[in-house]
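*Asks:* What follows is a structure written as structure tokens; I'll ask about it next.
The values are calculated or read from the model by the stated rules, or taken from the named source; none is laboratory data. Just so we're clear, the structure is a prediction, and the values are computed from it rather than from any experiment. In this analysis, Cβ positions are derived from the backbone assuming ideal geometry, glycine residues included, and neighbour counts consider all displayed protein chains.
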Amino acid sequence: MPTYTFRDNNTGEEYDEAMMISELDSYMNNNPHVSQVIGAPKLLHERGTNLKVDDGFREVTSKIKDTYKINAIKDY
């Protein structure tokens, strides 16, 4: 779901809201005191980050690799 940045025209405060694109027009109509701040999209996840997984997840991925002989699954 996209995250949009808005500015409250009364206070100057900027804040983020996550909503579907179909909800954006109704949000803007219901909140005439805010304006949308246009900027670069925010990345929620980058490849290669330190993803923490538990032992149960590791066990399931190893079973999948053994069953289907898939070598492209990453070992966490």
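*Asks:* Of the residues in the stretch 9-21, how many are in contact with a strand residue (DSSP E or B) (Cβ under 8 Å, 6 or more places away or on another chain) and assigned to a loop (DSSP other than H, G, I, E, B)? So that I can check it myself, show each step before the final result.
*Replies:* Kept after step one, since they are in contact with a strand residue (DSSP E or B) (Cβ under 8 Å, 6 or more places away or on another chain), are these residues of the stretch 9-21: 9, 13-19.
Right, trim to assigned to a loop (DSSP other than H, G, I, E, B) and you get 9, 13, 19.
Total satisfying the criteria: 3.
*Asks:* Tally the residues that are surrounded by 13 or more Cβ atoms within 10 Å (Cβ to Cβ) and closer than 13 Å to residue 33 by Cβ, restricting the search to the stretch 4-22.
*Replies:* 3
*Asks:* Would you pick out the residues in the stretch 22-41 that are in a loop (DSSP other than H, G, I, E, B) and modelled with pLDDT of 95 or more?
*Replies:* Initial filter on the stretch 22-41 (in a loop (DSSP other than H, G, I, E, B)): 31-33, 38-41.
Hits for the stretch 22-41 are 31, 32, 33.
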